[in-house]
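Below you'll find the structure, written out as structure tokens, and then a few comments.
Every number in this text was worked out from the coordinates using simple rules, so none of it is lab data. Bear in mind the structure is a predicted one, so any value in this text is a computation, not a measurement. Positions of Cβ are backbone-derived with ideal geometry, glycine not excepted, and every protein chain shown enters the neighbour counts.
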Amino acid sequence: MTANATFDRASAALLVERLTKVYADGTRALDELELRIPSGCFFGLLGPNGAGKTTLIGAISGLVRAPAGRAFVFGHDAVTDLESRLLVGVAPQEVHLDRFLSAREVLAYHGRYFGVPKLESEQRADELLEVFDLAAKASTKPNRLSGGMRRRLLIARALVHRPRLLILDEPTAGVDLELRHELWRYLRRLHSEEGLTLLLTTHYLEEAEALCERIAFIRAGRIAAEGTPAELTHRFGGDRLEDAYVEAMRA
Amino acid sequence: MSTLELRVRQRRGTLALTGRETRRVLSLWTQTILPPIVTAVLFLAVFGGALGDRIHRVEGIPYLSFILPGLLVMTVAGQAFANCSTSLFQAKNEGYIEDVLTSPLRTWQLALSYMSGGLLRGLVASFAVALVSLPFAHEGAQPVTAAATLLITGLVFSSLGVITGIWADTFDQHAFIANIVITPLALVGGVFYSARTLDQPWSTLTRIDPIYYLVDATRSGLTGFHEASTAVALTVAALVAIAAFTAAVALVARGWRLKP
């Protein structure tokens, strides 16, 4: 491996090289996908259902069986190096929370699974419950929370162990407008004040346009185009990101 | 981050998941600890008390003392298996297993943590049954042999529970293994009778049942009576425990039925 390649892997928050995932039924979810997300970037990944967004996230975070190709998180191999898991926080698309635990315990146990000492994890849980306006529901079980609260708890859970790369898989899907804007505000703060790298997948183009510095369009397991919203709009013509997206998906 | 720091974090994570599993067992004690104690005490009352008056002695041992080791093995095996398979099945089925699958835990740590709840449940329940039955323990017993056998039993069946929890896609599949494999094996494992008093094919059937050797070794520890070599039974049981644990770890490592 050249010194440049090593530097590139270490300097990027996420570097994906020829990542390929074929499911047992023959579906090629990722097809030699290449992607580089610079450290500190708010990055959007847009694509239709089945384009490979969730599979890519699963491959990075250990939720998908080892794919072919390589993925590096801040220079750590996402498949073989377990240290990479400490650097990634994932809020999956589907809300799955341990029903035997209270909201506070969901957060505190998550931190402890990631090796955060018990007391520190509990303090971090309290802090995040405040931030996400869930303090009053600290001792409530997840199945007794509203959909919006569960969504917030899921995002809070991804942050407990202080990851450097936060991955949000359609975090605002099915969320009302008020909460969506509330989440936007918090995500912007995480990015600007805490310097977190964010990878956001969404179906809402206006959301990606409002939040993301760089965007990639994914189609059939490959990156179809990548750039700033302005670059993409310019490249594909049209006035809005939506036009560029439609054009990229058609090409 | 140094390797040592990562190891420390993984150890903390393992303890946390172990804590979560043991906490689940203790907080649901009316579903996890109490029923097997009631069941075992009922077995003792019916077979040892009521029926025992007519049977008196088996192989020179009071019937209650004869069946007690088998009941302890049944309790540990059934509860260790049920806990691990149920807990893992629920985590997988309801999706919250992703929380630990994305963690830096190594696969053996993950498997061991899930096994811990089953071990605790089986051993606590059997300890309670043993306490209730203490007055019937045979003189000259070797409790260390019995304890070692029960521990190995717990390891074998909690590993099998993890494997079943991973394998089962539906509650029916999960229940199938418990009802069609584990319970019959326990019942024909020589808990209530001596294998050498049986006619063929029952005698052979009993002797090819692996639970028979666990029951026999425990009985050897508690009563001094055994039909097979205790050393061989314990060695084979320990090897089976290692094989079952290795298989469970290998399945977790492969992500079989846990990850697409």
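Quick grid of which residues meet (1) within 14 Å of chain A (Cβ to nearest Cβ); (2) surrounded by 24 or more Cβ atoms within 10 Å (Cβ to Cβ); (3) of a type outside the set (A, V, I, L, M, F, W, C):
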residue	(1), (2), (3)
B:Leu88	yes, yes, no
B:Thr107	yes, no, yes
B:Gly117	yes, yes, yes
B:Val132	no, no, no
B:Gln142	no, no, yes
B:Gly154	no, yes, yes
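Being under 21 Å from the mean Cα position of the chain (by Cα) and within 13 Å of another protein chain (Cβ to nearest Cβ) is a property that A:Gly148 lacks. If you filter the range A:38-65 down to residues that are over 14 Å from the mean Cα position of the chain (by Cα) and at the interface with another protein chain (Cβ under 8 Å from one of its Cβ atoms), you find that the one that is surrounded by the fewest Cβ atoms within 10 Å (Cβ to Cβ) is A:Arg65. Looking at the range B:4-21, which of its residues are more than 8 Å from every other protein chain (Cβ to nearest Cβ) and buried (at least 18 other Cβ atoms within 10 Å of the Cβ)? Those that are more than 8 Å from every other protein chain (Cβ to nearest Cβ) and buried (at least 18 other Cβ atoms within 10 Å of the Cβ): B:Thr14, B:Thr18, B:Glu21.
For the range A:132-141, residues that are farther than 22 Å from A:Val88 by Cβ, within 24 Å of the chain's Cα centre (by Cα) and either within 14 Å of chain B (Cβ to nearest Cβ) or hydrophobic (A, V, I, L, M, F, W, C) (or both) total 1. When A:Arg185 is tested against (1) surrounded by fewer than 22 Cβ atoms within 10 Å (Cβ to Cβ); (2) not in a helix (DSSP H, G or I); (3) not acidic (Asp, Glu), only condition (2) is not met. Could we say that A:Gly69 is part of a loop (DSSP other than H, G, I, E, B), more than 13 Å from chain B (Cβ to nearest Cβ) and among the small types (Gly, Ala, Ser) here? No; evaluated as a whole, the condition is false for this residue.
For the range B:83-179, which helices (runs of 4 or more DSSP H) that fit wholly inside it have 3 or more residues that are closer than 28 Å to B:Leu222 by Cβ?
Numbers: elements: B:98-101, B:107-133, B:143-167, B:171-176.
Those helices (runs of 4 or more DSSP H) span B:107-133, B:143-167.
Where helices (runs of 4 or more DSSP H) fall entirely within the range A:82-131, those with at least 3 residues that are more than 8 Å from every other protein chain (Cβ to nearest Cβ) and either more than 18 Å from the chain's Cα centre (by Cα) or without any contact (Cβ under 8 Å) to a residue 12 or more places away in the chain (or both) are at A:103-113, A:118-131.
Residues that are outside any helix (DSSP H, G or I) and either away from chain A (no Cβ under 14 Å) or over 27 Å from B:Cys84 (Cβ atoms) (or both): does the range B:213-222 have at least one? Can you show your working first?
If we filter the range B:213-222 for residues that are outside any helix (DSSP H, G or I), which is where we start, we get none.
No, every residue in the range B:213-222 fails to be outside any helix (DSSP H, G or I) and either away from chain A (no Cβ under 14 Å) or over 27 Å from B:Cys84 (Cβ atoms) (or both).
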